[in-house]
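See below for the structure under consideration.
The values are calculated or read from the model by the stated rules, or taken from the named source; none is laboratory data. All of these numbers come straight from a predicted model, not from anything done at the bench. FYI the Cβ positions are ideal-geometry reconstructions off the backbone, even for glycines, and counts take in every protein chain you see. Keep in mind that these areas ignore ligands, DNA and RNA; they rest on the heavy atoms of the full protein, side chains included. Shrake-Rupley method; radii C 1.70, N 1.55, O 1.52, S 1.80 Å.
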Amino acid sequence: PPSLSFDCELTDNRPCHHLDTEVYRGDRVRLLMSVTDPDDNEDPSSYGWEAHACATTTGSECGDPFDAQHYDEPAQRGLAVEIPTTLPRDVRSITVDFEARDDRGGRTTQTLTLLLVDAPMLPRNATDASAAAESRTSYRGGR
């Protein structure tokens, strides 16, 4: 099967490691993959990734992919995944599953686990609505 290696970069220059990198909702993570075929097969490999939201910090209990990209291009391409701001409160980690296949059926996979360390953000209109409700409550209480 092909050989797959990957690296990651956070867009705000925080360190990104293969295990236990902390991310926040809205972060963009650049993924760099390198695919080589040890049998010197000249045909291109296909490769890509899928990002999943998971209920544990170990990258288990994951749902369907919220983002996926597959390529049939040369290796050494950079891809990016954005951590959605709308992920539910119970999401504790993001896994990114990398896969490479060659034209002879060889396949290899690797996984990157990112720890989600912040709570969901309220949309702007929710904050405004909350402030308006508090204002009305104070006004009514003053009568």
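The residue list Asp7, Asp43 contains one member that is open to solvent by 60 Å² or more (accessible area, probe 1.4 Å) and modelled with pLDDT of 75 or more, which is Asp7.
Residue count for the range 10-35 satisfying the condition of being assigned to a strand (DSSP E or B) and surrounded by fewer than 17 Cβ atoms within 10 Å (Cβ to Cβ): 5. Taking residues in the range 105-119 that are touching a residue at least 12 places away in the same chain (Cβ under 8 Å) and within 17 Å of Thr56 (Cβ to Cβ), and partners anywhere that are open to solvent by less than 30 Å² (accessible area, probe 1.4 Å) and outside any strand (DSSP E or B), the pairs with Cβ atoms closer than 8 Å and at least 6 places apart or on different chains are Thr111/Gly59; Thr113/Gly59; Leu114/Ile83; Leu116/Arg25; Leu116/Ile83; Leu116/Leu87; Leu116/Val91; Asp118/Arg25. Gln76 satisfies every condition listed in (1) out of contact with any Ser or Thr (no Cβ under 6 Å at 6 or more places or on another chain); (2) at pLDDT below 80 except (1). The one condition from (1) at pLDDT below 90; (2) part of a strand (DSSP E or B); (3) crowded, with 16+ Cβ neighbours inside 10 Å that Thr95 does not meet is (1).
Among all positions in the range 53-67, there is no residue which is modelled with pLDDT under 85 and either in a strand (DSSP E or B) or not acidic (Asp, Glu) (or both).
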